[in-house]
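Note sheet for the following structure.
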Amino acid sequence: MKPTVMLALGVAIYLLASLYYYGSVVVYGPDAENILAPLFYDISRAIHQHGLLAGMYDPGQVAGLSLWNTPYFHPLYPFYFNWLGTDADIFDTVARLRVVNFLHLAIYGTGCYLLCCGIGVRRWLALAIGLSSPWLPAVQSMLNWPQILASFSWLPWVLACQVWLYGDPGRRRRIVAVLGLAATFSLLVYAQPAQNMVLTVVGSAVMWGFMAISTCLGGQRDERDAFVRATLALAVAGVLALLVCGEYLLAVVSFLSKAVRWLGDKGVLIGSKRMPIDAMREYALRVRDAGALLVYSSKHTVIVGNLYVGAAVALCAALGYFAGRRDRMIGALLASALVTALFCFGLFTPLLWWIPVANKVREVNWWSCYTATVLFALGSYGLQQLLDASAAEVFRGRFRRASLWGLLIGFAAALWLIQAMHVKMVVINVLSFCLSFTLLAICLLFPAQTRRFHPLAAVAVVFLGLVVPVLSYARFPPSQSMLVDAEHVQTRAEALRIAAYITDGEDYRFAVSPNIGNYKNFTVTLANLGLRGIGGDISPQEYDKFRLLFFPSPAVANLYGVKYRVVPAVPPVGGDIRIDDKISLRVNQHALPRLFFVQGGVQVVKSPVDALMGAPAGGIVRVYVAKEDLPSGFEPGEYPSDRATLTVPTLLEDGPVRVHAIVETRGSGLLVLNEDIAGRWRATIDGKRVKSFRVNGFQTAFVLSGVGLHTIEISRPGHVL
């Protein structure tokens, strides 16, 4: 496993992907172009202007979107290259995400090579698997979501490190494997701490369980000792990974406990409630789709995932285990692949629903990504074992006949499935199957005469299995990108005209009326221009924030500083600024600024969000705070709720990461910053650090004591140094 070989393999995969998708759009579709790319662009722009840590908070969406604790992805994951801060526009971002995709295809393929080497596959065949595995339908289904592909690309690395540890290596290699496991799992988490992490944890747990049971039942004492050492090493790697990403994972878990997920016509999922079985079955395979493992069909790519690995490879994965010495590690991998394959089917959804962690994946076809990765590697191992065994004396007789019958039955089943599933490219399908099984049959029937050609035959079988998928993948020309269609071009032009009228965008927010057809895209487009918005199309989202702010009442809109509202041009209202025949800009003079001081007016309530939603239509002059959010030593009685006075400080500096102001007060009160506290805002008042706390649902407050003139400096993380 020389690093130079792995580097050369990675470069080859990157070049192949670049050639295959030359002249095509890779990051394509509503989710990728309307949500993901704009968010990545905002992050890059913030880092360029205000420093590396500024990308962890986006003031342009959902009244301040913190990325410190959300499950979308971590902006500082190194291979997103956000840290470069080089995107000049959204098209630069899409070009960067294209590079990110190809890079992670290379990382994935190299990891598959490493996994194959770990289970004993010879280098030439491991290289063939590494070169071809990125073209599996399960992997290609992730291209529209670079963060999902980035996370998944580390899965074979995680498995490879575990294989090393179960193999009881020497002390030096064990240390390398432990560090490698901790590092690759941490990278998987930071790339996207969601479904792929669940796949990895559950698959690894099945492997460990198989190893534990088989070792206890049939292992010798030295084998049991080796398993104990492997388990301890896995525990050490887990502790190291938690030290690296545990804080982020805990923050994500806390976020998800308060989040809402939209389930289409299946309703919504709020907080830590169990996923409805019907919602999980929506993306499940049916029993009649069992042939998806053997025959490729695009209809089996449900959102993310496709079970296909090829009939010959799948058959070799099973036969090879019995043809060899029934290695315990191979059995563990095979067991994990079988379990995750079953999870893809609606028949097993009720069982999956009861399994902790595993039941968090709604798109159950996603499990096929793990299955395909493991079976493709095991297929190469089985192929090698069959070809090696064909020349041995033990292979003669009954076992030889059984293998040939297995190939014949597999071939017949594949041909029947081609006809039954009404797949496309029937001729190419039949030819690829005929060639694959013919090569295997010839090698098994005439082992002595064909032995020198076994390596070439094995590589041919692997490549032939991917001919049909590679010829079937949809490739879209740049002219079909949503970013260049007429509506998006017009939206960007209108957004520029609107931005020209918003001269105090740092101090106030905008909103886009849902009566405008493309209001979600309009929102992110304005956010990309550096304006502060209150909406957005991010999912999952905090449930309380959604119900309070996505369609706010006039009183809440005033409190959260929504001064500008993009509305339909018809019917016109006096004072509207006409942008074109379709839209106008409406100005609300009652909106509160980004920073204001409230003397008194504190009301402790069980739920500030409920209190605000039930507030009267007039202006809100109270500060609602939950008891658990109050700082220590704070006495609400000193800030009577029936006597509230509002003062607007004088701003000396008003930037995305720093606010400098002065204010003269006649008594103690709360200084309220109209930004989400999750953005990690901190304040220094009169030279002293003041603790922040949550008020009004999603605003940040600081206690300001005393009478007189106060100097205020508020900031959030920006430059590292």
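Per-structure values
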| quantity | calculated |
| --- | --- |
| Within the stretch 111-142, considering residues that are among the β-branched types (Val, Ile, Thr) and surrounded by 24 or more Cβ atoms within 10 Å (Cβ to Cβ), the one modelled with the lowest pLDDT | VAL121 |
| Inter-residue pairs, beta-carbon under 6 Å, first modelled with pLDDT under 95 and assigned to a helix (DSSP H, G or I) and in the stretch 92-110, second open to solvent by less than 10 Å² (accessible area, probe 1.4 Å) and among the basic types (Lys, Arg), 6+ apart | none |
| Top-ranked residue in the stretch 641-675 [being touching a strand residue (DSSP E or B) at 6+ places or on another chain (Cβ under 7 Å) and basic (Lys, Arg); ranked as most open to solvent (accessible area, probe 1.4 Å)] | ARG666 |
| Residue ranges of helices (runs of 4 or more DSSP H) in the stretch 399-512 with at least 1 members modelled with pLDDT under 80 | 426-445, 447-450 |
| Qualifying residue in the stretch 251-261 (condition: touching a residue at least 24 places away in the same chain (Cβ under 8 Å), part of a helix (DSSP H, G or I), among the aliphatic types (A, V, I, L, M) and closer than 30 Å to GLN384 by Cβ) | no |
| Qualifying positions in the stretch 347-383 - open to solvent by 10 Å² or more (accessible area, probe 1.4 Å), of a type outside the set (Phe, Trp, Tyr) and part of a helix (DSSP H, G or I) | LEU347, PRO350, LEU351, ASN359, LYS360, LEU375 |
| Selection count, the stretch 467-526, where residues are closer than 16 Å to TYR564 by Cα, surrounded by 13 or more Cβ atoms within 10 Å (Cβ to Cβ) and without any contact (Cβ under 8 Å) to a residue 12 or more places away in the chain | 0 |
| Filtered residue count, the stretch 257-292, keeping only those that are open to solvent by less than 80 Å² (accessible area, probe 1.4 Å) and over 19 Å from LEU352 (Cβ atoms) | 9 |
| Residue within the stretch 219-229 that is part of a helix (DSSP H, G or I), touching a residue at least 12 places away in the same chain (Cβ under 8 Å) and of a type in the set (A, V, I, L, M, F, W, C) present | yes |
| So ARG224, is it at pLDDT 85 or above, open to solvent by 60 Å² or more (accessible area, probe 1.4 Å), over 30 Å from TYR473 (Cβ atoms) and among the basic types (Lys, Arg) | yes |
| Count - residues of the stretch 96-122 that are among the charged types (D, E, K, R) and in contact with a helix residue (DSSP H, G or I) (Cβ under 7 Å, 6 or more places away or on another chain) | 1 |
| Filtered residues of the stretch 592-607 (kept if in a loop (DSSP other than H, G, I, E, B) and touching a strand residue (DSSP E or B) at 6+ places or on another chain (Cβ under 6 Å)) | GLY601 |
| Those residues of the stretch 17-58 which are open to solvent by 10 Å² or more (accessible area, probe 1.4 Å), closer than 28 Å to ARG658 by Cβ and out of contact with any helix residue (DSSP H, G or I) (no Cβ under 9 Å at 6 or more places or on another chain), in sequence order | GLN49, HIS50 |
| Where a residue in the stretch 331-344 is more than 12 Å from ALA358 (Cα to Cα) and its partner, wherever it lies, is open to solvent by 10 Å² or more (accessible area, probe 1.4 Å) and assigned to a helix (DSSP H, G or I), with Cβ under 6 Å and at least six apart | ALA332/PHE210; ALA332/MET211; LEU334/TYR321; ALA335/VAL206; ALA335/PHE210; SER336/VAL206; ALA337/LEU375; LEU342/PHE348 |
| Filtered residues of the stretch 550-591 (kept if open to solvent by less than 30 Å² (accessible area, probe 1.4 Å), assigned to a loop (DSSP other than H, G, I, E, B) and among the aliphatic types (A, V, I, L, M)) | ALA569, ILE579, ALA591 |
| Positions within the stretch 79-97 being of a type outside the set (A, V, I, L, M, F, W, C) and within 22 Å of ARG716 (Cβ to Cβ), in sequence order | TYR80, ASN82, GLY85, ASP87 |
| Pairs with Cβ under 9 Å, 6+ apart, first in the stretch 265-277 and free of Cβ contacts under 8 Å to residues at least 40 places away in the same chain and on the phi > 0 side of the Ramachandran plot, second open to solvent by less than 80 Å² (accessible area, probe 1.4 Å) and of a type in the set (A, V, I, L, M, F, W, C) | GLY267/ALA279 |
| TYR308 vs. criteria modelled with pLDDT of 85 or more, over 25 Å from PHE210 (Cβ atoms) and not in a helix (DSSP H, G or I) | no |
| Any chance VAL659 is more than 30 Å from HIS48 (Cα to Cα) and either modelled with pLDDT under 95 or not charged (D, E, K, R) (or both) | no |
| Residues (crowded, with 19+ Cβ neighbours inside 10 Å and of a type in the set (Asp, Glu)) located in the stretch 676-712 | ASP676 |
| Residue, farthest from GLY561 (Cα to Cα), within the stretch 619-629, restricted to residues that are open to solvent by 40 Å² or more (accessible area, probe 1.4 Å) and in contact (Cβ under 8 Å) with a residue 40 or more places away in the chain | ASP629 |
| Candidate set: the stretch 648-681, residues that are within 19 Å of PHE693 (Cβ to Cβ) and of a type in the set (Ser, Thr, Tyr); chosen: the one nearest to the chain's Cα centre (by Cα) | SER668 |
| Evaluation of PHE210 against (1) within 23 Å of the chain's Cα centre (by Cα); (2) under 20 Å from PRO356 (Cα atoms); (3) part of a helix (DSSP H, G or I) (one fails), failing number | (1) |
| Filter pass, LEU387 being modelled with pLDDT under 90, in a helix (DSSP H, G or I) and either of a type in the set (Asp, Glu) or open to solvent by less than 20 Å² (accessible area, probe 1.4 Å) (or both) | yes |
| Selection status of GLN599, open to solvent by 50 Å² or more (accessible area, probe 1.4 Å), touching a residue at least 40 places away in the same chain (Cβ under 8 Å) and not acidic (Asp, Glu) | yes |
| Index of the failed condition, VAL587 passing every other in (1) within 19 Å of ALA495 (Cα to Cα); (2) among the β-branched types (Val, Ile, Thr); (3) touching a residue at least 40 places away in the same chain (Cβ under 8 Å) | (3) |
| Selection status of ALA205, part of a helix (DSSP H, G or I), of a type in the set (Gly, Ala, Ser) and touching a helix residue (DSSP H, G or I) at 6+ places or on another chain (Cβ under 8 Å) | no |
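Every residue, every condition in (1) of a type in the set (A, V, I, L, M); (2) over 25 Å from the mean Cα position of the chain (by Cα), yes or no:
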residue	(1), (2)
GLU487	no, yes
ALA495	yes, yes
ILE502	yes, yes
PHE546	no, no
SER553	no, yes
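The values are calculated or read from the model by the stated rules, or taken from the named source; none is laboratory data. Bear in mind that the values here come from a model prediction, so they are computed numbers and not experimental data. Ideal geometry is used to build each Cβ from the backbone, glycine not excepted, and the neighbour counts take in all protein chains shown. Remember, those area values only see protein heavy atoms, side chains included, never the ligands or the DNA or RNA. Shrake-Rupley method; radii C 1.70, N 1.55, O 1.52, S 1.80 Å.
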